[in-house]
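What follows is a single structure, written as C-alpha cells, with notes after it.
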Amino acid sequence: MSSSLGTSGARLRLVPQAGPALWGADGLSPSDWMIPLGQEAGEELEAALAALLGRRPERATDVPLPTLAPLIADLRARLEHGRGFALLRGLPFDRHGAAGAETLLLALGLHLGTVLPEDLAAAGGPVSHLASVPEKGAAAAPFHADPCDAVLLLCLRQPPASGASALISAMAVHNALLRRDRAALETLYRPLPHRAADGTVALRPVFALAGGAFSARYDRLAIEAAVAAGASPLEAGQSAALEALDAACADPALAVRLETRPGDLLCFNPQLVWKRGLSAAGRAGEATERTREFLRLRLLTENSRTAAAAQTPPPAAWQG
C-alpha cells in the first residue's frame, strides 16, 4: 500500500475518508442543503439593519440576532461537522440597496466567524463583489478552495440562462484518487508551492490531516502563479498528480449543482467542499444575460482547519 508521512515523521496510511462531508451528486436532494428563513427571521434582520443606521458592524454584538441564533448554530454545525455546505433562502437582501446587502452579509458572517484580516485590509472593505459567465468543457473554471474556513456567497443576480453553481466533496475526490491513482494521492499529501494574494509563496499540501481533522485545499491557479513567480518548477510526478486530481473532479457523478436565486446565501467550508471559481466583477455595464453576480465574505471559524494546517510544519523528509 502506498503511504505518506505524518507531521511527526510517522507513516500516515492512505485510507478512505468517511463522514457526513463525503457525498456525491446522486446522494443529495435540495432538502439536504436548503435552510428556508421564515418571516420572523427576516423581520429580525430588517430591524438589525435599521438599528445600524447605515454603519457597518464590526463585531457580532453590534447586530444582536437572538431569533436567528439557533439557525446560525445549525449552519455552523453543518459547515464544520456536516456535509460542509448549506443554502439559506429568504434573506431580505434587496430592500436596502447594494450597501444594505453588504451590511446584511457582514452581520450574518460576524455571527459565524472572524472576517479574514487580509480581506479587512483590502480596498473596498471585507465584502467582495464577484461576477462570472459560466463556461463548459475546457473553458470551465476549475474547482478550488479559498484560504479560509467558511465562504458566504450572497446571490444578487442569477439569470435563467446562467446555469447553476457546482460544488464537489473534497473527501469524494480524495477517495476517487485512492481508487484510481494512489501514487498521485500520495504526492498530493506532500507540500506544493502556492502563491498568496500578497505575493508570498508558501509550501502546503492539497490534502492534510490538520489537528487530526481531514483538510483539503486545492488552488491550481495559486500553484501555477507560485511557479511563475520563481518557485521551483513542478516535478513530473507533481504535474501528473494535479492532472489526476483535475480528472477526478471532472467526474459528473461527484459534483452537485445548485440553482441559486437572488437573495440566496450559499455557505460552504472550502476545506471540505470545493466550488467552481468566480471571477472578480468587471466594469459596470458589462453584464450579459448570462452574468451571475454575488457578494462574497470569507471567514475563519473557532475550530479552524485553516489555522491548524498553517501551524503544521511539513515533514522534513519522505520515505520511499
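Here are a few things to note about the model shown:
- Qualifying residue in the range 73-81 (condition: acidic (Asp, Glu) and out of contact with any Asp or Glu (no Cβ under 9 Å at 6 or more places or on another chain)): yes
- Once the range 117-135 is narrowed to residues that are of a type in the set (A, V, I, L, M) and under 24 Å from Leu258 (Cβ atoms), the residue that is modelled with the highest pLDDT is Val127.
- Count - residues of the range 1-36 that are in contact with a Gly (Cβ under 8 Å, 6 or more places away or on another chain) and modelled with pLDDT under 90: 1
- Taking (1) within 21 Å of Gly90 (Cα to Cα); (2) surrounded by 12 or more Cβ atoms within 10 Å (Cβ to Cβ) in turn, Asp62 satisfies each apart from (1).
- Unique match (being farther than 20 Å from Arg292 by Cβ and more than 24 Å from the chain's Cα centre (by Cα)) among Pro70, Pro66: Pro66
- Within the range 42-133, helices (runs of 4 or more DSSP H) holding 1 or more residues that are among the basic types (Lys, Arg): 69-81
- If you go through the range 95-120 and keep only what is out of contact with any helix residue (DSSP H, G or I) (no Cβ under 7 Å at 6 or more places or on another chain) and more than 17 Å from Arg55 (Cα to Cα), you end up with Gly113, Thr114, Leu116, Pro117, Glu118, Asp119.
- In the condition set (1) closer than 29 Å to Gly27 by Cβ; (2) touching a helix residue (DSSP H, G or I) at 6+ places or on another chain (Cβ under 7 Å), Pro160 is compliant with all but (2).
The values are calculated or read from the model by the stated rules, or taken from the named source; none is laboratory data. These figures come from a predicted structure and were not determined experimentally. Here the Cβ is made from the backbone with ideal geometry for all residues, glycine too, and neighbour counts use every protein chain on show.
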